[in-house]
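Worksheet: one structure, shown below.
The values are calculated or read from the model by the stated rules, or taken from the named source; none is laboratory data. Here the structure is a predicted model, which is why all the values come from computation and not from measurement. Virtual Cβ from ideal backbone geometry, glycine too; neighbours counted across all protein chains shown. Accessible surface areas use protein heavy atoms only, side chains included; no ligands, DNA or RNA. Shrake-Rupley method; radii C 1.70, N 1.55, O 1.52, S 1.80 Å.
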Amino acid sequence: MSLASAVIRRAPFLLSALALATALPAAAASITVGDTPLIPRAALFGNPVKAGAQLSPNGKWLSWMAPVNGVMNVWVAPAAKPEAAKPVTESKDRPIPGHFWSGNGEQILFVQDKAGDENFRLYGVDVSSGQQRDYTPFDKVRVRMMGGSRKRLDEVLVGINNRDPRWHDVHLLNLKTGELKLVMKADGVAGFQADDDLNLRLAAKPNAAGGMDFFKVEGDALAEKPLLSTGLEDNATSPLGFTADGKTLYWMDSRDGDTTAVFAEDMASGQRKLIARDARADLGDTLRHPVTGEIQAYAVNYLTNEWQFIDKSLKADFDWLQKQLGKGEVYVASRTRADDKWIVGIDPVSKVAATYLYDRKAKKLSALYVARPELQNAPLQPMHAVEIKARDGLTLPSYLTLPAGADTNGDGKADKPTPLVLLVHGGPWARDDYGYNGTHQWLANRGYAVLSVNFRASTGFGKKFLNAGNKQWGLAMHDDLLDAVDWAVKQGVTSKDKVAIMGGSYGGYAALAGVAFTPTTFACAVDIVGPSNLETLLGTIPPYWEAGKKQMYSRMGDPTTDEGKAILRAASPLYKADQIVRPLLIGQGANDPRVKQAESDQIVTAMQAKNIPVSYVLYPDEGHGFRKPNNRIGFNAITEAFLGNCLGGRVEPLGETVRQSTAQIVQGAEHVPGLKEAAAKN
């Protein structure tokens, strides 16, 4: 769920506030209301016990994320002795979002920003000495990983925009010495593809058609003519990477079909071989051999994710793991270079997932951890994949979760109508997926049906589906959401007057559009870091989005033309704020670089000018979503009280959650039951 990207597939535009990593205090005991226990918010959104396990490439070490004094940090243990794990990072305020291993297996690498500003620096920790190094010690600069190697184990390629904030120049970084060497300036280049020798081989430049031109890199310059070009329609076309010998380049490419297929291109002859295609969904996710880099399997993700295997030995492993782990999607999170040890897990959707160390030769599974043991006996609900027809016949792949008691025979169909929350993903160039979803479980446990819809413009379902959303913000994209609500009413899932709309980033925009453009359709709305004025949104995008600007203009409306301005203005909820008649809750991070605080400020000001009630919560130490634990759980507590007042669902008391956060209740505390009292400082 996200707002921003030079290449849509790689970085969706508006990052979902609801899908960001969670981190919170340990859960309290379950609270029983009626026949179904109330799952504490902290159990769903608090710090996991452990998460994100990785194996070092040499197989010597295990690593994972776990809290230190309530803040998520990186822990490392000998692979043969997981119980000896120790923290190797010491973030005391903001959770570290994740980590990965250096090729030599000697350094843990991670990125970190300040207060949500997304100016990420790259850090490394020497596992043996514990010494931490800031590899990119530059202010107001955002680092990007450009390439790693199975051969040059002490080095990586990184992109740094310290010369020109719009472009990420490529540097060779020595992880042991910290030395940075400029490899190539990136003026006008959206991204590079390197081979296993860390040689730059391909460069992508945005073109006037809203697509990309891909050039071979020849020495320290680009070839005169592009190797391949795309327009806006085929912008999902992009390289997936080289084999280790540098002879083959894999592509995902939609130019000769609707969905992206995976191809292998011989770099010497230019000949291409089709690896796989599926008419239902775009391909792109692959499993590749850790030494050769050859594709061994690929995923087809239409309603659910399905792995298809080229390497039969890999299929045998997955079949064995499926038999051992039971129902759900088996996934591989990490593999050693020798490919003898894997980190594996399974997503059972409505049960607690566990993570294991898998010894391939011995066919042995060793349990590492259960991320959220406090949910083991919780009343988690199944998710149902459904297809919904839009008014023009387009099929919208969607996901429905029903509250306990609403589907007694488990057929995925509601026995009786219940209040519904329409949960809209961000991007909009992203998608919802099948699998465990903490927000779905939370809302279902409070008594709501939850519906997530892949509306037109969502990625993964082919270029016709994606491009059907061009310049349709507030128009056909919004109609898809309305059609999904109509479907839910006709199916008996909910009643017309008991539907809320909620989302983060683009989903926040959809919530604002819902109450501004269709004022009486929704009973209430929750907007998290959503834009209210598309002109000001595009006028304040970060400079490093320059490569994707043309694409965004083509898909949304060009603010440099009168026609484009008219499209953007018509699609901006700000200009219809005076039509809002339903309760609205807004959450915003003050340091958001994608959707500036002004996006929330201006619609609140417009509503105040017309004496229209609105509740507005601002977090001074957050960005595009709420990463800090107390802030996440605090805003969810406010949301829960707000929805309970609107739809009548169950509510866990606010308690101390608001006071324990940095929330500033800018406006409308009186419209959320208990908020004024809960926010009062001692």
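For the range 335-371, what are the residues that are open to solvent by less than 20 Å² (accessible area, probe 1.4 Å), free of Cβ contacts under 8 Å to residues at least 60 places away in the same chain and of a type outside the set (A, V, I, L, M, F, W, C)? Result: Asp339, Gly345, Tyr358. Among residues of the range 627-653 being touching a residue at least 60 places away in the same chain (Cβ under 8 Å) and among the aliphatic types (A, V, I, L, M), the one that is farthest from Lys114 (Cα to Cα) is Leu647.
Restricting attention to the range 617-635, the residues that are within 28 Å of Arg569 (Cα to Cα) and surrounded by fewer than 23 Cβ atoms within 10 Å (Cβ to Cβ) total 1. Only residues that are in contact with a Phe, Trp or Tyr (Cβ under 6 Å, 6 or more places away or on another chain) and open to solvent by 60 Å² or more (accessible area, probe 1.4 Å) were counted in the range 313-334, giving 1. Candidates Lys181, Lys140, Lys225, Lys176: the one that is more than 30 Å from Ser91 (Cα to Cα) and surrounded by fewer than 22 Cβ atoms within 10 Å (Cβ to Cβ) is Lys225. Is it true that some residue in the range 500-514 is touching an Asp or Glu at 6+ places or on another chain (Cβ under 9 Å) and in a loop (DSSP other than H, G, I, E, B)? Looking through the range 500-514, none of the residues is touching an Asp or Glu at 6+ places or on another chain (Cβ under 9 Å) and in a loop (DSSP other than H, G, I, E, B). Restricting the first member to the range 130-141 and to residues that are in contact (Cβ under 8 Å) with a residue 12 or more places away in the chain, and the second to residues that are exposed (fewer than 13 other Cβ atoms within 10 Å of the Cβ) and not in a loop (DSSP other than H, G, I, E, B), the beta-carbon pairs closer than 9 Å and six or more apart or on different chains are Gly130/Lys86.
Residue count for the range 526-577 under the criterion of being part of a loop (DSSP other than H, G, I, E, B) and over 24 Å from Gly503 (Cα atoms): the result is 4.
For Asp187, the test of being closer than 26 Å to Arg555 by Cβ, part of a strand (DSSP E or B) and open to solvent by 20 Å² or more (accessible area, probe 1.4 Å) is failed.
Scanning the range 228-249 for residues that are surrounded by fewer than 18 Cβ atoms within 10 Å (Cβ to Cβ), free of Cβ contacts under 8 Å to residues at least 40 places away in the same chain and outside any strand (DSSP E or B) yields a total of 2.
Conditions (1) open to solvent by 10 Å² or more (accessible area, probe 1.4 Å); (2) assigned to a loop (DSSP other than H, G, I, E, B), marked per residue:
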residue	(1), (2)
Ala385	yes, no
Ile388	no, no
Lys416	yes, yes
Leu451	no, no
Leu466	yes, no
Gln472	yes, yes
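Pick from the range 390-406 the residues that are open to solvent by 30 Å² or more (accessible area, probe 1.4 Å) and not aliphatic (A, V, I, L, M): which of them is nearest to the chain's Cα centre (by Cα)? Selected residue: Thr395. Can you name the number of the only condition in (1) within 19 Å of the chain's Cα centre (by Cα); (2) among the aromatic types (Phe, Trp, Tyr); (3) open to solvent by 10 Å² or more (accessible area, probe 1.4 Å) that Tyr575 fails? All conditions are met except number (1). Scanning the range 148-163 for residues that are open to solvent by 20 Å² or more (accessible area, probe 1.4 Å) and either touching a strand residue (DSSP E or B) at 6+ places or on another chain (Cβ under 8 Å) or without any contact (Cβ under 8 Å) to a residue 40 or more places away in the chain (or both) turns up Gly148, Asp154, Glu155, Asn162, Arg163. Enumerate the pairs (first residue in the range 553-568 and farther than 17 Å from Leu232 by Cα; second residue anywhere and outside any helix (DSSP H, G or I) and open to solvent by 50 Å² or more (accessible area, probe 1.4 Å)) with beta-carbon separation below 7 Å, excluding pairs fewer than 6 apart on the same chain, so at least 6 apart or on different chains. From residues that are farther than 17 Å from Leu232 by Cα, the pairs are Ile567/Lys471. When the residues of the range 660-682 are narrowed to those that are open to solvent by 60 Å² or more (accessible area, probe 1.4 Å) and part of a loop (DSSP other than H, G, I, E, B), which ends up farthest from Thr520 (Cα to Cα)? Among residues in the range 660-682 that are open to solvent by 60 Å² or more (accessible area, probe 1.4 Å) and part of a loop (DSSP other than H, G, I, E, B), the one farthest from Thr520 (Cα to Cα) is Asn682. Taken over the range 282-307, the criterion of being out of contact with any Asp or Glu (no Cβ under 9 Å at 6 or more places or on another chain) and among the aliphatic types (A, V, I, L, M) is satisfied by Leu283 alone.
Within the range 259-274, the set of residues being surrounded by fewer than 18 Cβ atoms within 10 Å (Cβ to Cβ) and under 30 Å from the mean Cα position of the chain (by Cα) comprises just one member, Leu274. With the condition kept exactly as written, say whether any residue in the range 31-47 is at pLDDT below 90, within 29 Å of Gly507 (Cβ to Cβ) and open to solvent by 10 Å² or more (accessible area, probe 1.4 Å). Within the range 31-47 (the criterion being at pLDDT below 90, within 29 Å of Gly507 (Cβ to Cβ) and open to solvent by 10 Å² or more (accessible area, probe 1.4 Å)), the answer is yes, since at least one residue qualifies. Name the residue that is surrounded by the fewest Cβ atoms within 10 Å (Cβ to Cβ), counting only residues in the range 202-217 that are modelled with pLDDT of 95 or more and over 16 Å from Trp545 (Cα atoms). Going through the qualifying residues, I end up with Lys216. Filtered by the rule that a residue be buried (at least 19 other Cβ atoms within 10 Å of the Cβ) and touching a helix residue (DSSP H, G or I) at 6+ places or on another chain (Cβ under 7 Å), the range 591-609 gives Val595, Glu599, Ile603, Ala606, Met607.
Considering Thr292, Thr248, Thr286, the condition of being over 28 Å from the mean Cα position of the chain (by Cα), among the hydroxyl-bearing types (Ser, Thr, Tyr) and farther than 20 Å from Leu227 by Cβ is satisfied by Thr292 alone.
Of these, Ala204, Ala209, which one is within 28 Å of the chain's Cα centre (by Cα) and in a strand (DSSP E or B)? The conditions single out Ala204. Looking at the range 501-512, can you tell me whether even one residue there is of a type outside the set (Gly, Ala, Ser) and within 30 Å of Gly410 (Cα to Cα)? For the range 501-512, residues of a type outside the set (Gly, Ala, Ser) and within 30 Å of Gly410 (Cα to Cα): present.
Here's the yes/no breakdown for (1) buried (at least 24 other Cβ atoms within 10 Å of the Cβ); (2) closer than 30 Å to Arg372 by Cα:
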{"residue": "Gly427", "(1), (2)": "yes, yes"}
{"residue": "Tyr434", "(1), (2)": "no, yes"}
{"residue": "Ala444", "(1), (2)": "yes, yes"}
{"residue": "Gly469", "(1), (2)": "no, no"}
{"residue": "Leu475", "(1), (2)": "no, no"}
{"residue": "Asp480", "(1), (2)": "yes, no"}
{"residue": "Lys490", "(1), (2)": "no, no"}
{"residue": "Lys496", "(1), (2)": "no, no"}
